[in-house]
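Student: Let me begin by handing over the structure; questions about it come next.
The values are calculated or read from the model by the stated rules, or taken from the named source; none is laboratory data. Just so we're clear, the structure is a prediction, and the values are computed from it rather than from any experiment. Cβ coordinates were reconstructed from backbone atoms using ideal geometry, including for glycine residues, and neighbour counts include every protein chain displayed.
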Amino acid sequence: MSWCSDMNPRQLCCISAFLLLVASGCGGDSGSDYVRDGDHLYLNTAAEVAYVGSDACRDCHLELYQSFMKTTTAHSMVRLDSSNIIESYPQINPVYDPGQDFYYEMIQRGNRFFQREYRLDLTGEIIHERIMEAHYAIGSGKNLRMYFHDENGMFYELPLTWYVHRGEWDLSPGYREFGNLRFSRFAGSKCLACHNDHMKVSPIAYERFLKPYPLGIGCEACHGPGDLHIRQERGETIDLPSDDARTIVNPVDLSPRRQIDVCQQCHLQGKGWALWEGVGWFDFRPGMLLEDRWSVFTDSKTKREAFKVANSAYRFAQSRCFKESHGVTTCNTCHDSHGTFKGSSIEFNRQNCQKCHPPESLPGKGSRFAHGPNDNCVPCHMKQTGTENTLHGVINTDHWIRVDADSTHIDWTSYRTPFERQGLVSLSPFLDAGDSSRFQRRGVAWIDYFRNYDNQAPYLDSAMRYLEYDIQLRGGTPRTFYYLGDLQHERGEYRKAQTALQKALRLKERYPEAWFRLGQTYAALGRNDSAASCYRTAVGLLPGEPAYFESLGITLAEQGSVQDAIDTLKEALRLDRYNPAVYAYLGNIYALSLDQPALALPFLRERAVLDPDNPDAYVNLGNVYLMLGQYDKAIDTYALELYYRPGSLMALYNLARAYDLSGAPEKAEDARARAMAINPSMIGAIRP
């Protein structure tokens, strides 16, 4: 019997590497100093001031609260139950993905909702099924709603989305264009910081959130945390450092630059991101300068015909309306954030435009571009997309206001093609402080773009140059050496990576990402003892991080510490039960190291459900059935692998063995003949 094993420590941690990039520095103090802007000192920008939720604002600001709660923003994230259904149930037709041969449907069971994935064979029989509960919905319901499963505080996006304008289910945004990620798309802080209110991040794991979760974007997203203000209004004595101190931010009183930052904390998508050292995605507070928390990079070539869904701030910055107002025009100039305007949206927009462009100043009758006092300004000067022309399937308004906007043909084709066919991009800083650490952040932004968008090697070259220049300029910080080592590991330069990561740890000993990456580097160099030691240190620093337990368990197994490996891998599953690689390793340990196929069986069954397209999944499951003497189940399992991959030599080889052992020599010979037709050199290996 031939046993497949594709388990490799360097391959297993690709998701972990992504988490390291977006989570670096999360949980750090965003600074305890108060922000001074103009005539006011804002006290609630201090890190120790607590968030209290929008309901705490209701009693004193009832009219604004009630109006705001009718906006779509206030319902950006909801706990999914039968009281907030906007979708059509039951789903009439399943959504089919021809690329991966999966069917999907959303199922309501009382007050709970589930997404079901399945496959059919040529006779219409179900040969694969997976079901995951949808706990939360993100999206106000105006354009679309996406669904998320909560796994111990980690959020996984589900493959089906409800498209409101079309009134139908379809694959989630990007799933058709860039590959169906099924149930493995992870939503971390960068996503949820914009789609929900301030969430508490676990101090012992990456991208894990602590309950109770806030639901919807609330008052504090724009006004900052409210605890200090509420205590002041209740009559508590607050130690005010000066007469001009305020306990809450009102964005309209901020300088224009800081007003815009309140909005573009979520409406500035960019292409490459870099957090400041020691800053997390939830650390920005209204009143701060956004560029002191993160840097955002955009493509140097600005396209007129296509724009990102959440890039309103960047597009607005290209407008003469913004540039020629010398910073006075802000988002608040045109937007009613509280939803208090009672007229039509056309009337509201026209009134805002006429503040700067009164009707008498515009071309009148007889002109080719005649304007009337009651015209709708948006269609001509702010191009709107149709739902068929954006990746998210939403109606979007281009905030690049211009005279000839109506002549622009919106075409998102370039964003739908594979990145390698789009040509190399050049990133330019749109939001960046320009301080001495800017080169470090530019290097991090290039790594971010490489990992999240386009993994072409030249981007790593750019990242390397910026990181090395930062070391020349400043002598190197722990973060710079960490990312340099991370990058060198990515390029297979393990000795160099080891040196850089060790430098990072000499400067900052409690650096879990660096310990973990150093462990991966030692594993790649074949130094399992050193790798295990690094992983143990990382686990000690972040005892809730499943990726750390996974890598430690794999290394322990390779060292021969079987029981320790089992205990460690089971802890990884306790923290996150949706990692197929961990199930595969546990199954292999029980079947091969301990010769206990009965204990291996449930792990390999689950692995096949989670990852049916892995070439090893059904072969190894069939092997366990073969070890148990369950020949019929082994034959059915190998046949399933051959249905997916008819050229699987491992499946044919083991299928022949199963037929031999079950007393079906003719069928065994047929399986051998099929194997030899694919690879004649197998004849010596497959003869009984």
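Student: State which residue pairs qualify: first residue closer than 16 Å to residue 376 by Cα and inside region 333-359, second residue of a type in the set (A, V, I, L, M) in any location, beta carbons under 6 Å apart, and separation of 6 or more residues or different chains.
Tutor: Once the first residue is closer than 16 Å to residue 376 by Cα and sits in region 333-359, its partners that are of a type in the set (A, V, I, L, M) give 349/378.
Student: Could you pull out the residue among 499, 477 that is of a type outside the set (D, E, K, R) and either under 20 Å from residue 569 (Cβ atoms) or touching a residue at least 60 places away in the same chain (Cβ under 8 Å) (or both)? It would help to see each step written out before you state the result.
Tutor: Numbers: 499 fails: either under 20 Å from residue 569 (Cβ atoms) or touching a residue at least 60 places away in the same chain (Cβ under 8 Å) (or both).
From the options 499, 477, the qualifying one is 477.
Student: Now a separate question. What residue, among those in region 92-129 that are closer than 25 Å to residue 644 by Cβ and basic (Lys, Arg), is surrounded by the fewest Cβ atoms within 10 Å (Cβ to Cβ)?
Tutor: Out of the qualifying residues, it is 116.
Student: Checking the structure you have, find out if any residue of region 649-662 is among the aliphatic types (A, V, I, L, M), within 28 Å of residue 570 (Cβ to Cβ) and outside the structural domain of residue 101 (by TED's automatic domain parsing).
Tutor: Here is the first cut: in region 649-662, the residues among the aliphatic types (A, V, I, L, M) are 649-652, 655-656, 658, 661.
Then drop every residue that is not within 28 Å of residue 570 (Cβ to Cβ), which leaves 650.
Subset that is outside the structural domain of residue 101 (by TED's automatic domain parsing): 650.
Yes, region 649-662 has at least one match.
Student: Restricting the search to region 589-620, which residues are in a helix (DSSP H, G or I) and of a type in the set (S, T, N, Q)? Don't jump to the end; show me each part of the working.
Tutor: Step one: list which residues in region 589-620 are in a helix (DSSP H, G or I), which gives 589-593, 597-610, 617-620.
Listed by number, the residues that qualify are 593, 620.
Student: Which one of these does residue 119 not meet: (1) basic (Lys, Arg); (2) part of a loop (DSSP other than H, G, I, E, B); (3) within 17 Å of residue 181 (Cβ to Cβ)?
Tutor: (2)
Student: Given the conditions (1) hydroxyl-bearing (Ser, Thr, Tyr); (2) surrounded by fewer than 21 Cβ atoms within 10 Å (Cβ to Cβ); (3) more than 30 Å from residue 62 (Cβ to Cβ), report the number of the one that residue 333 does not fulfil.
Tutor: So residue 333 meets the others, but not (3).
Student: Another question, then. Please enumerate the residues belonging to region 286-327 that are farther than 23 Å from residue 223 by Cα and touching a Cys at 6+ places or on another chain (Cβ under 9 Å).
Tutor: Across region 286-327, the qualifying residues are 321, 325.
Student: Hey, another quick one. Here is a list of conditions, (1) modelled with pLDDT of 90 or more; (2) surrounded by 12 or more Cβ atoms within 10 Å (Cβ to Cβ), and residue 89 meets all of them except one; can you say which number that is?
Tutor: Checking residue 89 against (1) modelled with pLDDT of 90 or more; (2) surrounded by 12 or more Cβ atoms within 10 Å (Cβ to Cβ), the one that fails is (2).
Student: Same structure, new question: Could you check region 490-574 for helices (runs of 4 or more DSSP H) lying wholly inside it with 1 or more residues that are farther than 24 Å from residue 447 by Cα and either over 25 Å from the mean Cα position of the chain (by Cα) or of a type in the set (S, T, N, Q) (or both)?
Tutor: On the way: elements: 494-507, 512-524, 528-541, 546-559.
Here the list reads 528-541, 546-559.
Student: When you scan region 253-260, do you find a residue that is within 24 Å of residue 73 (Cβ to Cβ), more than 29 Å from the chain's Cα centre (by Cα) and of a type in the set (Val, Ile, Thr), even just one?
Tutor: Here is the first cut: in region 253-260, the residues within 24 Å of residue 73 (Cβ to Cβ) are 253-260.
Next, only the ones that are more than 29 Å from the chain's Cα centre (by Cα) stay: 253-256.
Among the residues that remain, those that are also of a type in the set (Val, Ile, Thr) are: none.
No.
Student: Just one of 348, 316, 307, 322 is in a helix (DSSP H, G or I), touching an Asp or Glu at 6+ places or on another chain (Cβ under 7 Å) and not aliphatic (A, V, I, L, M); which is it? Break it down into steps so the answer makes sense when it comes.
Tutor: Values: 316 fails: touching an Asp or Glu at 6+ places or on another chain (Cβ under 7 Å); 307 fails: in a helix (DSSP H, G or I); 322 fails: touching an Asp or Glu at 6+ places or on another chain (Cβ under 7 Å).
Matching residue, one of 348, 316, 307, 322: 348.
Student: Which of the residues spanning region 650-678 are within 20 Å of residue 604 (Cβ to Cβ) and buried (at least 18 other Cβ atoms within 10 Å of the Cβ)?
Tutor: Listed by number, the residues that qualify are 650, 651, 652, 653, 654, 655, 657, 658.
Student: Still on this structure: Please go through region 397-425 and give me each residue that is at pLDDT below 80 and either in contact with a strand residue (DSSP E or B) (Cβ under 9 Å, 6 or more places away or on another chain) or outside any loop (DSSP other than H, G, I, E, B) (or both), ordered by number.
Tutor: Residues satisfying the conditions are 410, 413, 414, 415, 416, 419, 420, 421.
Student: Another one. Residues of region 571-621 being in contact with a helix residue (DSSP H, G or I) (Cβ under 6 Å, 6 or more places away or on another chain) and acidic (Asp, Glu), which ones?
Tutor: 571, 576, 606, 611
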